[in-house]
Amino acid sequence: MNSKYIGLLALITASSLHATPSGLNNIPTADTVPHRVVAVQAFSSFGGANQFATAGPGQHSFWLGFKTGWELGHANLEWGFDSPLGSDMSGPLFFQTKVGFKPWEDGAFAVGVAGVATTDIDRAGDPFTYAMLAHDFHFARFHLGYGLQTNGNSLLVGVDKTWKLLDRDFNLNADLVQTRDQEAWLPSVGAKYGLSEHIVLETWANFPDQGSVSFIAKINFVFKF
């Protein structure tokens with residue numbers, strides 16, 4: 001998985017309400033945005049080992065996007081767009097979509113694609129196609145999947161747990177992604193909190209085997225129509 005796509009992955013989830021695929025920190029999951037829900041997301045990265053394509057070491061980048069969901073019989077479709085924004089360089093505009101199923105109790109499965117550039121194709125990188133499984137064992141929920149990308153195939157592993165904090169959902173999670181064409185791993189830990197019915201905050205830290213730790217902060221505005 002190349003660094004450009006790691007930057008794209010995020011929104012994360014039940015939590016990952018991001019314009020990138022719903023997931024944990026750096027991995028997509030089998031979760032999808034609920035029927036007729038829209039999540040508008042703004043997120044930025046900070047720190048030395050910056051994972052976003054538009055920022056170099058020690059810089060930060062800003063992304064803006066949205067995603068939405070729609071029921072299709074026994075399946076749920078998610079799709080959305082996002083793009084980096086900045087005074088020096090903005091774009092490309094990326095498209096993502098996935099289809100999720102619940103084939104057994106407490107389990108889920110999804111297939112999708114992310115990082116499909118609709119503009120500035122030459123500097124966008126290749127799309128990332130993936131399949132994810134999840135099962136909730138109640139003491140924690142576990143995620144396992146695999147992604148395909150040119151020179152960037154990756155095993156995707158994650159775990160998360162949600163509690164009630166001041167009557168709002170509070171989620172702690174961690175995930176692990178293969179990087180540098182399966183030669184290394186990128187671990188991360190993060191948290192999400194539903195500040196209100198319409199605002200979800202999330203943040204996480206990446207711990208690369210080379211370079212410094214990087215941090216991502218995200219705010220999600222959630223609406224139903």
task: Hey, can you find the accessible area per residue of region 20-224 for me, probe 1.4 Å, expressed in square angstrom?
output: 48
- request: Starting from the Cα of residue 161, step 7 Å along the direction of its Cβ; do the same at residue 184; then give the gap between the two resulting points in nm.
  value: 3.0
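At 25 °C and 0.890 mPa s, what whole-number value in µm²/s does Stokes-Einstein give for the translational diffusion of region 20-224, with Rh from the Kirkwood sum over Cα pairs?
Rounded to a whole number, D works out at 141 µm²/s.
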query: Given the protein chains as shown and a 1.4 Å probe, how many square angstrom of residue 165 are accessible, to the nearest 10?
result: 80
- prompt: Roughly how many nanometres apart are two label points built 7 Å out from the Cα toward the Cβ at residue 90 and residue 146?
  reply: 4.0
- line: Simple SL model, points at 7 angstrom along Cα→Cβ for residue 210 and residue 198; separation in nm is 4.6
field: At 1.567 mPa s and 4 °C, Stokes diffusion of region 63-108 via Kirkwood alpha-carbon radius, µm² per second
entry: 104
query: Reachable lysines from residue 224, Cα under 17 Å, same-chain residues fewer than 8 places away excluded?
result: 67
statement: With Rg from the Cα atoms and Rh as the Kirkwood inverse mean 1/r over Cα pairs, region 129-171 has an Rg/Rh of 1.17
- request: Take every Cα pair under 8 Å in region 20-224 that's 6+ residues apart, average their separations, divide by the length, and report that relative contact order as a whole percent.
  value: 19
field: Environment charge of residue 154, counting only residues whose C-beta is closer than 12 Å and scoring Lys/Arg +1, Asp/Glu -1
entry: -2
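The values are calculated or read from the model by the stated rules, or taken from the named source; none is laboratory data. Quantities reported herein were computed from a predicted structural model and do not represent experimental measurements. All Cβ positions, even for glycine, are placed from backbone atoms using ideal geometry, and neighbour counts span all protein chains on display. What goes into the accessible areas is simple: the full protein's heavy atoms, side chains included, and nothing from ligands, DNA or RNA. Shrake-Rupley method; radii C 1.70, N 1.55, O 1.52, S 1.80 Å.
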